[in-house]
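*Asks:* Following this message is one structure expressed as structure tokens.
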Amino acid sequence: MSRILNIISSPRGEASNSIKLANAIIDELKEKDSAAAVHVRDLTKGPFPYLEEVHLNAFFSPVDNHTDGDKEAIRHSNEAVKEIMDADVIVIGAPMYNFSIPAVLKSWFDHITRAGITFKYTAEGPQGLVTGKKAYIAVTTGGVYSSGDAVAYDFVTPYIKTILGFIGITDVTIVRAEGFAVADLQATALDKAIDSIVL
Ligand SMILES: Cc1cc2nc3c(=O)[nH]c(=O)nc-3n(C[C@H](O)[C@H](O)[C@H](O)COP(=O)(O)O)c2cc1C
């Protein structure tokens, strides 16, 4: 039985195309493995806090020295790290916001990218410690970024691939639904993306 972690970063609920696309990916995963268990982490409901001094102090000090304040500050991060470590497959819904990812998703990445826990430094350079996972990213955009002039403005897919690779998740499939703000494309954008899913 595979364990699927579904990360939601659109606040639009049932209207959200990234949620619909991620759900379509999850449905196909469940067709392959009917016993698959899905754990949903909706980052728009109780977002991870931006990293402040308390979080950094807790991240970079020995656990044995942690005060009650440090323990509270690091609680969100430890929960998020456990969720990703426990998963076999991670499905992330990622709408493009201002050419990049929503702040709630960036904040989640800031909490899961932890030296000594999800990556470590070696003589050969940094090494990711979150290994043996598969990730699918459901990327939704108003414009078109897979080809044409706007390719260079897509900071969603390069960033997500880079940060996941940095922590050890190198098997990453991007599924794009694009053109929700383009008259000729918006009606078919989601179905086209769902048809393009290859597990
Ligand atoms: C705050 C905000 C910023 C956006 N910025 C961009 C953008 O830079 N480029 C783009 O193509 N679409 C942009 N869009 C459109 C969304 O990427 C698009 O509507 C997407 O489908 C939203 O995903 P959702 O349906 O899961 O919420 C933006 C939408 C919002 C709400």
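*Asks:* Being open to solvent by 70 Å² or more (accessible area, probe 1.4 Å) and more than 16 Å from the ligand (Cβ to nearest atom) narrows it down to one residue among T113, T67; which is it? Outline the logic, then answer.
*Replies:* Numbers: T113 fails: open to solvent by 70 Å² or more (accessible area, probe 1.4 Å).
Selected residue: T67, the only one of T113, T67 that is open to solvent by 70 Å² or more (accessible area, probe 1.4 Å) and more than 16 Å from the ligand (Cβ to nearest atom).
*Asks:* Name the single residue that is surrounded by the fewest Cβ atoms within 10 Å (Cβ to Cβ) among those in region 1-18 being within 15 Å of the ligand (Cβ to nearest atom) and farther than 21 Å from W108 by Cβ.
*Replies:* Restricting attention to region 1-18, the residues satisfying the condition of being within 15 Å of the ligand (Cβ to nearest atom) are 6-18.
Within this subset, residues satisfying the condition of being farther than 21 Å from W108 by Cβ are 14-15.
Numbers: E14: 6, A15: 9.
Per the criteria, the residue is E14.
*Asks:* Would you check if there is a residue in region 81-96 being within 16 Å of the ligand (Cβ to nearest atom), in a loop (DSSP other than H, G, I, E, B) and within 20 Å of the chain's Cα centre (by Cα)?
*Replies:* Looking only at region 81-96, we keep the residues that are within 16 Å of the ligand (Cβ to nearest atom), and these are 91-96.
Within this subset, residues satisfying the condition of being in a loop (DSSP other than H, G, I, E, B) are 96.
So of that shortlist, the ones also within 20 Å of the chain's Cα centre (by Cα) come out as 96.
Yes, some residue in region 81-96 is within 16 Å of the ligand (Cβ to nearest atom), in a loop (DSSP other than H, G, I, E, B) and within 20 Å of the chain's Cα centre (by Cα).
*Asks:* For region 162-182, check the following and say yes or no: at least one residue is free of Cβ contacts under 8 Å to residues at least 24 places away in the same chain, among the charged types (D, E, K, R) and either open to solvent by 50 Å² or more (accessible area, probe 1.4 Å) or more than 16 Å from the ligand (Cβ to nearest atom) (or both). If you could, list the steps in order and put the result at the bottom.
*Replies:* Let us first name the residues in region 162-182 that are free of Cβ contacts under 8 Å to residues at least 24 places away in the same chain, namely 162.
Subset that is among the charged types (D, E, K, R): none.
For region 162-182, residues free of Cβ contacts under 8 Å to residues at least 24 places away in the same chain, among the charged types (D, E, K, R) and either open to solvent by 50 Å² or more (accessible area, probe 1.4 Å) or more than 16 Å from the ligand (Cβ to nearest atom) (or both): absent.
*Asks:* Name every residue in region 51-64 that is more than 14 Å from T113 (Cβ to Cβ) and surrounded by fewer than 11 Cβ atoms within 10 Å (Cβ to Cβ), in order of residue number. So that I can check it myself, show each step before the final result.
*Replies:* From region 51-64, those more than 14 Å from T113 (Cβ to Cβ) are 52-54, 57-58, 61-64; that's our starting set.
E52, E53, P62, V63, D64, listed by residue number.
*Asks:* Looking at region 19-37, is at least one residue within 15 Å of the ligand (Cβ to nearest atom), part of a strand (DSSP E or B) and within 15 Å of the chain's Cα centre (by Cα)?
*Replies:* Checked region 19-37: no residue is within 15 Å of the ligand (Cβ to nearest atom), part of a strand (DSSP E or B) and within 15 Å of the chain's Cα centre (by Cα).
*Asks:* Of the residues S107, S100, S147, only one is open to solvent by 50 Å² or more (accessible area, probe 1.4 Å) and of a type outside the set (K, R); which?
*Replies:* The unique qualifying residue is S147.
The values are calculated or read from the model by the stated rules, or taken from the named source; none is laboratory data. The shown structure was predicted, so the numbers you read here are calculated from the model rather than taken from an experiment. As a convention, Cβ positions derive from the backbone with ideal geometry for all residues, glycine included, and neighbour counts pool all protein chains shown. Accessible surface is based on the protein model in full, side chains and every heavy atom, while ligands, DNA and RNA are left aside. Shrake-Rupley method; radii C 1.70, N 1.55, O 1.52, S 1.80 Å.
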